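The values are calculated or read from the model by the stated rules, or taken from the named source; none is laboratory data. What you see is a predicted model, and the numbers here were worked out from it, not measured in a lab. All Cβ positions, even for glycine, are placed from backbone atoms using ideal geometry, and neighbour counts span all protein chains on display. Keep in mind that these areas ignore ligands, DNA and RNA; they rest on the heavy atoms of the full protein, side chains included. Shrake-Rupley method; radii C 1.70, N 1.55, O 1.52, S 1.80 Å.
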Amino acid sequence: MDRITNIIKSHFDKHRIIFWYDENQEFRFDFDTFDLPDIQRIVIDNNEYGIKYRVLISEPEAKFLLYNAGIKPSIEENWLADILLSNAELKIDQPSLWLSELGLGREFIDIPRQHTEFFTSAKRIEALKKMLSADDTENKIMWKMLAVCAGSDARWDEVIMNLLSECALSKSEKYNLIQKAKLGTFLWEQIKKLLAYESGESSVKDFTYELFKACYQSGFDEKAKLNIEAIYLLKRWKDNIHHKRAFRVLSENCSEWLGIENDLNKRGLKELLDIDYFELIERKILSELTKFINEGTITTGETEVIIRQRMMSHWYDDYSNEYDCLDAAAKFLTLIKTSFYQINSMQDGIRYYTSEWYKIDFFYRKFIYHFSQAKQRTLLNDLYEQIENKYVNEYLLKLNTLWSEQVYHANEWRSTESYPQSSFWKRQITPYLETNKKIFVIISDALRYEIATELMSLIRQEDRYEAELEATLGMIPSYTQLGMAALLPHQLLSISDDVTGNVIVDGMNSSGRENRAKIMDKYLPKRTLIMTVDEVLAKTSDESKKLYREYDVIYIYHNRIDAMGDKLPTETKVFEAVEASLYELIDVVRKLTSGNANNIIITADHGFLYQHSELDTSDFLSEDTISGQVLYKDRRFILGKELKANPSLIHFKSKQLGLDGSIEALIPRGNQRMRLSGSGSRYVHGGASLQEITIPVLKINKKRVSDVDFVTVEIISSSGRIISAGQLVINLYQKEPISDKLQPINLRIGIYNQQDELISEEKNISFNYTSDSPREREITCKLMLSRKAEKANNQDVILRLEKPIPGTNKFQIYKTESYTLRRSFTSDFDF
């Protein structure tokens with residue numbers, strides 16, 4: 001009733017006399033009961049002369065609603081025709097009411113008349129009303145009705161994407177509503193105009209088949225049934241996070257319908273690098289790349305370029321561990337192939353290890369970690385077997401056999417290349433105390449040198465953080481109690497003359513946090529503090545500042561790596577612990593600097609040896625020939641008195657190791673272990689291998705000025721600025737390789753017309769190339785024009801590179817280049 005009253009009122013805003021012909025006599029009640037007191041109601045019933053007199057002479061200023069319960073007479077037979085022609089007629093039927101409720105003019109009356117089912121729902125009418133705008137055409141209104149039915153935004157591509165997603169769920173409620181509302185014919189006519197799709201029996205499922213087929217064919221520059229706009233549609237749908245699950249369902253279905261697996265058997269790796277419509281493509285690329293790396297028929301640079309290119313793939317995140325695994329494998333195998341092992345002195349060994357050889361440990365760790373995380377281990381298994389074999393037999397065995405010869409012939413445990421770990425306090429802590437500066441030391445148990453190199457890089461990538469790394473010669477035996485004691489202030493270190501393996505610092509037992517705190521307090525009364533990482537992270541910034549003001553030296557213990565590796569059930573997860581430790585340590589550094597810590601050192605008590613495969617019997621030493629008083633035994637050393645053993649063990653007296661006392665040590669040559677009941681054997685430390693005794697000292701400072709920037713990307717100029725084909729091919733060049741302080745940049749690339757409308761496909765490219773070779777930092781980008789480009793023909797258009805604005809989903813212009821669009825579109829689009 002309110003709607004009718006409002007309609008009547010709106011008519012009287014423009015006219016004094018309104019005629020209402022109620023052909024089906026369905027609104028008589030409304031006529032008798034509407035509430036507009038200033039309007040006179042008259043029923044036309046053979047009283048035309050009286051009506052004329054009243055409305056024209058008796059009450060010439062009054063408003064009248066003249067109601068006729070019947071068919072409207074012709075002009076010739078209508079006694080009130082003159083008044084009707086000079087005033088207005090109220091036309092109220094259900095379609096008119098719907099139209100009025102939407103605020104639309106009578107020119108759109110055919111829409112509610114032809115699509116009655118749509119308007120039977122007040123909810124749908126309300127939803128449509130919210131979408132309407134003053135410049136709507138009939139076509140736009142119909143698309144908005146489709147949007148209401150599909151539950152999407154009022155854009156044609158959103159409507160289609162929602163229908164595709166419904167199809168993926170094997171549902172049809174939205175599409176059935178479109179059909180009931182008689183919007184199906186309009187939908188398929190529009191899709192034909194937009195995408196060139198037509199079929200004898202149009203359906204969402206049939207359209208899906210043709211869509212995936214056309215996009216797959218276009219990836220190989222083959223002629224497709226649908227036009228280029230269809231390719232854009234699928235790309236937008238594929239990359240839309242809200243439709244991700246649906247895309248994958250239909251992608252899998254279409255993969256089977258189209259026989260993609262058989263077709264991929266005919267395709268080469270390079271053909272597939274720009275295509276990602278089917279998961280089978282990702283698997284094909286991974287399979288080929290794995291084979292090439294395993295066979296050694298692809299370079300590290302080529303591997304990196306392929307992996308970087310696939311980072312833009314829809315499926316990359318699902319296979320990121322596999323790709324990271326392959327990246328590490330390629331670099332590892334190259335290093336194994338090109339490394340030369342020669343050690344003429346202990347100085348040589350440490351120098352070469354800290355400059356080159358540690359990288360093999362690094363890439364082996366990365367490979368094993370990502371292999372452990374990968375879902376497709378069967379795919380990688382042959383590569384794993386090769387890398388494990390080369391790491392154990394061609395690297396560890398060869399390197400540490402040569403190194404142990406230098407250790408064996410050394411009269412004392414020292415190197416002119418690296419200062420001893422036992423002088424850490426004197427060399428690293430004392431200079432800060434002498435200049436009245438505070439120093440924070442994070443001691444991460446088993447943080448070996450190659451891990452510290454990655455940590456240094458990660459810290460340097462943080463804005464305003466600087467870090468530098470050096471190596472110190474670790475204590476042997478390389479076990480926790482001795483390494484931790486060496487980092488304390490002291491005059492003399494000795495190993496306890498009993499079965500505990502405890503280390504005595506100037507007559508004081510150094511085992512445990514409490515004893516170490518006492519030793520530090522003895523040398524610097526009430527000015528030292530020992531904490532754990534958990535305690536640091538638990539404090540607020542204000543609490544930290546208040547606490548740190550009271551102390552000059554703060555030691556912070558971190559024990560994730562060794563805690564995981566030193567236990568038999570978890571030793572194979574030690575590299576997972578390393579990954580977690582890296583980011584945990586960065587969190588600690590951030591937390592310390594927020595508490596005004598300016599000077600931070602990260603170091604370790606010892607490193608470790610690790611191989612992922614089980615050890616052979618030959619990897620264990622026979623202890624039958626060992627004699628003397630054995631006091632303490634671990635997997636990589638024996639402590640005792642008057643010890644004697646076979647040539648497979650290196651014998652040291654305390655004095656040779658820079659220790660006080662009478663304890664002797666036996667250390668295995670190379671990588672061999674000794675059996676220890678209930679203990680693991682893959683992760684070990686205590687020996688004298690380069691991995692165990694090369695101890696990192698990572699110094700960190702925070703600057704006041706920002707020092708992180710992004711790599712520069714340039715558009716390589718071409719010979720002309722004319723676009724005469726259906727696509728633009730450009731070369732983009734990353735000017736510098738990425739580094740710690742020069743970080744990758746992600747750019748969005750597209751072509752725009754003078755109205756700032758995107759007229760091409762849009763690509764996101766990550767420029768994160770590490771190669772020193774300029775050629776390997778150049779990328780070819782192909783942008784296909786959309787149907788909107790037709791309107792820009794013979795006009796200037798803009799190639800635009802945009803970079804994201806941090807903390808938002810917005811972009812800002814990075815670089816632009818102008819082109820003239822001059823081509824015939826008739827061969828590319830079907831309208």
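Rank 740, 153 by accessible area, highest first, at a 1.4 Å probe radius?
Values: 740 30, 153 100 Å².
Largest to smallest exposure gives the sequence 153, 740.
State to the nearest 20 debye the size of the charge dipole of the chain about its Cα centre, where the only charges are +1 on K and R beta carbons and -1 on D and E beta carbons.
Result for the chain is approximately 1900 debye, rounded to the nearest 20.
What value does the chain have for Rg/Rh, both radii from Cα atoms and Rh as Kirkwood defines it?
A ratio of 1.19.
If you take the charge dipole of the chain about its Cα centre, with +1 on Lys and Arg Cβ and -1 on Asp and Glu Cβ, which of 51, 321, 125 is farthest toward its positive end?
Result: 321.
Could you state the number of Å between the C-alpha centres of segment 753-798 and segment 1-66?
Measuring centre to centre over Cα atoms gives 64 Å.
Over the chain, what relative contact order in percent results from Cα pairs under 8 Å that are six or more residues apart?
10 percent
Show me the ranking of peptides 542-552, 138-148, 791-801 by mean Cβ neighbours inside 10 Å, starting with the highest. All intermediate terms of the calculation are to be shown ahead of the outcome.
On the way: 542-552: 14.1, 138-148: 19.6, 791-801: 16.8.
In decreasing order of mean packing, 542-552, 138-148, 791-801 become 138-148, 791-801, 542-552.
Could you work out what % of the accessible surface of the chain is carbon and sulfur, using a 1.4 angstrom probe and leaving DNA, RNA and ligands out of the count? It would help to have the intermediate numbers written out before the result.
Working: 17780 of 38590 Å².
Reported share for carbon and sulfur atoms: 46 percent.
So for each of 669-681, 207-219 I average, over its residues, the number of other beta carbons within 10 Å; can you give me the resulting order with the highest mean first?
Ranked by mean Cβ neighbours within 10 Å, highest first: 207-219, 669-681.
Could you give the spread of the C-alpha atoms of segment 257-304 along their three principal axes, from largest to smallest, in whole angstroms?
36, 18, 14
Kindly provide the helix-only [θ] at 222 nm of the chain, computed as the sum of -39,500 (n - 2.57) over DSSP H runs of four or more divided by all residues, to the nearest 500 deg cm²/dmol?
Value at 222 nm, helices only: -11500 deg cm²/dmol.
So, in Å, what gap is there between the alpha-carbon centers of segment 317-365 and segment 613-671?
29 Å
Output the 0 to 90 degree angle, nearest 10, between the alpha-carbon long axis of helix 228-239 and the longest principal axis computed from the alpha carbons of the chain.
50 degrees
Give the relative contact order (percent, whole number) for segment 78-148; include only Cα pairs under 8 Å separated by 6+ residues.
Computed over segment 78-148, the figure is 23 percent.
Cross-link list 438/702; 129/180; 359/653; 426/741; 703/803; 182/235: which exceed 24 angstrom alpha carbon to alpha carbon?
Checking Cα-Cα distances, 359/653; 426/741; 703/803; 182/235 exceed 24 Å.
Probe radius 1.4 Å, ligands and nucleic acids left out: which of 685, 651 has the largest accessible area, and how do the rest follow?
Greatest to least solvent exposure: 651, 685.
Output the peptides 345-357, 276-288, 597-609 sorted from most to least packed, where packing is the average of other Cβ atoms within 10 Å over each peptide's residues.
Result, highest mean Cβ count within 10 Å first: 597-609, 276-288, 345-357.
Taking the solvent-accessible surface of protein heavy atoms with a 1.4 Å probe, what is the per residue accessible area of the chain in Å²? Don't jump to the answer; show the numbers that get you there.
Working: 38590 Å² over 831 residues.
Ligands and nucleic acids excluded, the result is 46 Å² per residue.
Where does helix 204-219 land angle-wise versus the long Cα axis of the chain, in degrees 0 to 90, nearest 10?
For helix 204-219, the angle is close to 50 degrees.
Let me know the charge dipole size of segment 46-116 about its Cα centre in debye, to the nearest 20, where only the beta-carbon of Lys, Arg (+1) and Asp, Glu (-1) is charged. Please report the intermediate quantities before stating the final value.
Working: 7 positive and 11 negative charges, 25 e Å.
Roughly 120 debye, rounded to the nearest 20.
Which of 73, 141, 112 sits farthest toward the positive end of the charge dipole of segment 10-161, with +1 on the Cβ of Lys and Arg and -1 on the Cβ of Asp and Glu?
141
Beyond 29 Å between alpha-carbons counts as too far, so tell me which of 205/791; 225/782; 270/791 fall in that bin.
Table pairs above 29 Å Cα-Cα are 205/791; 270/791.
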